[in-house]
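Taken together, the values in this text are just the output of simple stated rules run on the coordinates, not laboratory data. Computed from a prediction, not measured in an experiment: that's the story for all the values here. Counting neighbours? That spans all protein chains shown, and the Cβs are built from the backbone with ideal geometry, glycine included.
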Amino acid sequence: MSETGAAFLPYAARVGGLNGSEIDSSTSLLQRQNHDIVRLAMGSPAAEAIPSEVLGTIAAEIVGAGAPTFDYGPTEGEAGLLTQLERFTGTARERLLVTAGGMQGLDLVCKLFVDRGDVVAVEAPTYTNGSATISSYEGRLLEVPVDEDGMVVEALAELGAALPRPPKMIYAIPTFQNPSGKTLSLRRREELLALAESWGAMVLEDDPYGRLAFDGAPPPSLVSLSDEAPWVIGVQTFSKIVAPGLRVGWVEAAPAVIARMIDAKQCMDTCTNVPAQLLMERFLALGEMDAHLVRLRSIYRERKDAMMATLDAAFGADGATWTDPGGGFFTWVTFASPVDTRDLFEAALAAGVAYIPGDAFAAGPGFEDSLRLCFASNTSARAADGVARLRAAIVAKYGSG
Ligand SMILES: Cc1ncc(COP(=O)(O)O)c(C=O)c1O
């Protein structure tokens, strides 16, 4: 969380809604620590999953191409990358905009559609940075419970009906959700779209993990189920499937919405980093993305399975529960009373393990008994070490897990 700083400065009113992200702040927090910490906090890909050698070779080529690599580029994205994206996504380029990661896509959507006081429905728990982006445009968060099949759309219908006006937007991470690991069922996807249409609400689908399924394909995306309806917008990223430091993602939306997003992006950063786009273009042009994804799914599946076994051994007898995701990076662990994961955090950090406390994923209070673990970044042995440290911290503080 960042401070607004000197209170006497004439900050814009919307700065009141600017909360930053505990997830992102954990990167700096961990960099400041001098002892060994198993990092189960950030949603970073495995080092082995980043094709750094190939990217290095491509980087040398594009640097060798000289000045054009370092010039401004078109706001919608480099033409060559858009051609590759059309092939990769099966989406026409008029519906695509290249962005600085998924985060810029979320920001652009909120900039276009969220006014002060607008209600945006979100999953509870939801992705902290997504809800923080909504709040930064002074939107109000309507938390909708999540069960085994993802967001409970029946509850959303009731919560929305109780408002003076229905929500303006539904923000959903329907596939291998961050942080819960849950996936919205096909039936609920259809219900969610029907509800949004009946309300005249926008649907913002955030889907960084859909290509990282462990067992067969997940249900079709909301974007693909919506038959190019202009009120459904998809935000995607290469961060989890290639490299997050490149900061390259894309938005899929109706051409008229893309045109307004281009206007908004021109007031923001002119164009996405050109060398990073050229890297992604050439990486996709190698035609090895499918094989790369097969490899990633196998690495992450193995790590997920190992994490399930580790959690079972560490906490299985203590009344704790956790999700067994069908893909993605995260499991969501819920402890029995009296564990409070915010309270525990410093002791856990001192014991050499970092996680994200559950309340970071709530709009208000909530989920103090839960935490998010990323099983993707570390080897299974190292992650097991982290879970052992977590257990030791819990036992030291509460006497049991
Ligand atoms: C659900 C979700 N949306 C968006 C993002 C942001 O992606 P990027 O790093 O490409 O900005 C993340 C990254 O953790 C995420 O989990």
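Just so you know, the Rg over Rh for the stretch 155-228 is 0.99, from Cα atoms, with Rh as the Kirkwood radius. Temperature 37 °C, viscosity 0.692 mPa s: under these conditions the Stokes-Einstein estimate for the stretch 65-285, based on its Kirkwood radius over C-alpha pairs, is 186 µm² per second.
Starting from the coordinates of the alpha-carbon atoms of the stretch 1-98, obtain the Kirkwood hydrodynamic radius over all distinct pairs and give the value in Å to one decimal. Intermediate values should be presented prior to the final figure.
Values: mean 1/r = 0.0537 Å⁻¹.
Kirkwood hydrodynamic radius for the stretch 1-98: 18.6 Å.
Fewest-first ordering of Val152, Val333, Val38 by other beta carbons within 10 Å of each residue's beta carbon gives Val152, Val38, Val333.
Per DSSP H run of n ≥ 4, the term is -39500 (n - 2.57); total these for the chain, divide by its residue number, and report the mean residue ellipticity at 222 nm rounded to 500 deg cm²/dmol.
Values: 13 runs with 164 residues, N = 401.
Computed ellipticity for the chain at 222 nm equals -13000 deg cm²/dmol.
Of the listed peptides 107-114, 189-196, 265-272, what is their order by residue-averaged count of other C-beta atoms within 10 Å, with the highest listed first? Can you show the working numbers first?
On the way: 107-114: 22.6, 189-196: 20.8, 265-272: 16.4.
Descending packing order for the listed peptides: 107-114, 189-196, 265-272.
Based on other C-beta atoms within 10 Å, arrange Glu48, Glu53, Glu252, Glu281 from fewest to most.
Glu53, Glu48, Glu281, Glu252
Can you put Met308, Met202, Met169 in order, fewest other beta carbons within 10 Å first? Kindly include the intermediate steps, with their values, before the conclusion.
Working: Met308 16, Met202 22, Met169 25.
By the 10 Å Cβ count, ascending, the order reads Met308, Met202, Met169.
So what is the relative contact order for the stretch 272-401, in percent, with contacts set as C-alpha pairs under 8 Å and at least six apart?
27 percent
Looking at the chain alone, DSSP beta bridges between its own residues are antiparallel in about 50 percent of cases.
Here's the picture: charge each Lys and Arg Cβ at +1 and each Asp and Glu Cβ at -1 in the stretch 1-75, and of Pro51, Ala13, Leu30 the one pushed furthest to the positive end of that dipole is Ala13. In a reduced charge model with +1 at each Lys and Arg Cβ and -1 at each Asp and Glu Cβ, the chain shows a dipole moment near 480 debye about its Cα centre. The alpha carbons of the chain occupy a box of 60, 56, 52 Å along the principal axes, longest dimension given first.
Explain nothing, just the number: relative contact order of the chain, from Cα pairs under 8 Å at least 6 residues apart, as a whole percent. Could you put the intermediate results ahead of the total?
Details: 757 pairs, mean separation 94.4, N = 401.
Normalised by residue count, the contact order of the chain is 24 percent.
How large is the dipole of the stretch 88-219 about the Cα centre if only Lys and Arg carry +1 and Asp and Glu carry -1, each at its Cβ, rounded to the nearest 20 debye? Show your work: numbers first, answer last.
On the way: 12 positive and 19 negative charges, 79 e Å.
Value, rounded to 20: 380 debye.
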